[in-house]
């Protein structure tokens, strides 16, 4: 046989495996399918809410196996949801605070500068009268009052950011706390020490 004929035979053998190798490939595929099915079954039976119960410290006081612990946590999750009407796996927590920006004070041209000047002139006139020159004191007071009135106006109209607790978050936390309390009660009744 030539080199080309040997290569063709080798290629044919690799694409047409013998009878023993086909059954091994089928067994491997079936095993892979079983593992994949088991994985998705665990995800379906043990929803992400189990992660919520991971906030709890749970000790198997009666020596429960790992499989029994998973079943008990899943059962207690379902019971807690039934008792509280709250399923943490189906609720996204709202933001804890609400931030708003407000515009305070009066609009520009509200007379803040004129009011400041008038107040300053009055105070300056009194001070100037005591010093002997009421007119000069009133002029200095008016200039100072205008500056102070302008600063007050600027501060009053500057946007302010206010952060406060979100009432929806407060409600969410109260419902979550009731759910966790129900989960603790269930797990304790099944022989676990729960913190």
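Annotations
- Within region 111-194, helices (runs of 4 or more DSSP H) holding 3 or more residues that are modelled with pLDDT under 70 and surrounded by 13 or more Cβ atoms within 10 Å (Cβ to Cβ): 112-131, 134-157
- On inspection, residue 78 does not qualify as modelled with pLDDT under 60, in a helix (DSSP H, G or I) and either surrounded by 12 or more Cβ atoms within 10 Å (Cβ to Cβ) or under 27 Å from the mean Cα position of the chain (by Cα) (or both).
The values are calculated or read from the model by the stated rules, or taken from the named source; none is laboratory data. All figures in this text were calculated on a predicted structure; none of them were measured in a lab. A quick note on method: Cβ atoms are made from the backbone with ideal geometry, for glycine too, and the neighbour counts reach across all protein chains shown.
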